[in-house]
Amino acid sequence: MAGPKIRVFVDQPLGQGQAVALNEAQANYLFSVMRLGLGDAVQLFNGRDGEWQATVAEAGRRRGIAVCAAQTVPQGTPPDLWLLFSPVKKDRTNFIVEKAVEMGVARLIPVATRHMNSERLRAEKQQAHAVEAAEQCGATWVPEVAELQPLDRLLANWPAARRLFWADEGCSGPGNGWEDGPAGAAAAILIGPEGGFSADERARLAALPFVTAVTLGPRILRAETAAVAALALWQTRFGDWR
Ligand code: SAH
């Protein structure tokens, strides 16, 4: 009986006959939660070698081994899109990370802004959410979650060839901004905090040549809704949904 695929991200080489060590968290998930046993199949991916079907060869309480049998999915690449977001409350930030991975991004960059809700962001916790989301959604990569960075510094060091789509709740010009920029090119989306951007942040963004202000419709969306909506709009125009 073919159940749902059980996928696990491992940071080890994958290849024909390769034995892969499973750590305590992975052993707990596979053998206690999912109730896999010796000889059962699990799909492994590491972000480099595609997805492999592997067979459980050792199923301990704290560790295990799976042996790669065959590649099931070749290595893919995410669209060259970064999501910049300003941390909101913890659960909502977790939601943004999870949804961004499902929607398809290469990188997540938390940005510190004037009105952000939360000073603290545990990048390694968010990275773990990204891994879980990648396991669940079938991606063969895990987007990197960067450390929190001040918006100013990020803009000062911005790679000029990467268009930055700024979700601007005050955007009222003609059109919606999204037409700007070629398909497939490097891009990023910037979503503000619950409190929105400050006047000086808005002025700075509006003046930058690599920034395009975009609207997400006539209502004010919560930051996490805005992130998902903006990712969908970008994906249908420029990304791997086309
Ligand atoms: N408190 C702010 C709203 C912040 S909403 C205010 O009342 O103006 C959080 C973020 O979501 C915004 O900074 C923006 O990046 C994005 N956003 C929400 N609604 C949007 C819209 N209609 N168009 C573009 N961006 C939007």
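Table for the structure above
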| read-out | value |
| --- | --- |
| Whichever residue in segment 222-242 is in a helix (DSSP H, G or I) and of a type in the set (Phe, Trp, Tyr) and, among such residues, is least open to solvent (accessible area, probe 1.4 Å) | 234 |
| Filter result for residue 25 (in contact (Cβ under 8 Å) with a residue 12 or more places away in the chain, open to solvent by 30 Å² or more (accessible area, probe 1.4 Å) and not assigned by TED's automatic domain parsing to the domain that holds residue 128) | no |
| Selected residue (criterion: most open to solvent (accessible area, probe 1.4 Å)) from residues of segment 97-122 that are of a type outside the set (Val, Ile, Thr) and in a strand (DSSP E or B) | 107 |
| Residues of segment 41-56 that turn out to be open to solvent by 60 Å² or more (accessible area, probe 1.4 Å) and not polar (S, T, N, Q), as a count | 1 |
| Residue in segment 157-166 that is closer than 27 Å to residue 25 by Cβ and either outside any helix (DSSP H, G or I) or not hydroxyl-bearing (Ser, Thr, Tyr) (or both) present | no |
| Test result for residue 70, closer than 19 Å to residue 133 by Cβ, of a type in the set (A, V, I, L, M) and loosely packed, with under 13 Cβ neighbours inside 10 Å | no |
| Conditions (1) of a type in the set (A, V, I, L, M); (2) more than 16 Å from the ligand (Cβ to nearest atom); (3) under 21 Å from residue 79 (Cα atoms); number of the one not met by residue 109 | (2) |
| So residue 101, is it free of Cβ contacts under 8 Å to residues at least 60 places away in the same chain, under 18 Å from the mean Cα position of the chain (by Cα), within 26 Å of residue 14 (Cα to Cα) and assigned by TED's automatic domain parsing to the domain that holds residue 192 | yes |
| Residues of segment 197-221 satisfying the condition of being over 23 Å from residue 162 (Cα atoms), surrounded by 13 or more Cβ atoms within 10 Å (Cβ to Cβ) and near the ligand (Cβ under 8 Å from one of its atoms) | 221 |
| Hits in segment 180-196 - residues which are part of a strand (DSSP E or B) and within 10 Å of the ligand (Cβ to nearest atom) | 189, 190, 191 |
| Any hit, segment 143-165, residues being charged (D, E, K, R) and within 13 Å of the ligand (Cβ to nearest atom) | no |
| Residue ID - farthest from the chain's Cα centre (by Cα), chosen from residues in segment 115-153 that are among the basic types (Lys, Arg) and modelled with pLDDT under 95 | 120 |
| Residue satisfying condition, being buried (at least 21 other Cβ atoms within 10 Å of the Cβ) and modelled with pLDDT of 95 or more, within set 166, 158 | 166 |
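The values are calculated or read from the model by the stated rules, or taken from the named source; none is laboratory data. Every value quoted in this text rests on a predicted model; they were computed, and no experiment measured them. Ideal geometry is used to build each Cβ from the backbone, glycine not excepted, and the neighbour counts take in all protein chains shown. Just so you know, the surface numbers come from the protein's heavy atoms only, side chains and all, with ligands and any DNA or RNA stripped out. Shrake-Rupley method; radii C 1.70, N 1.55, O 1.52, S 1.80 Å.
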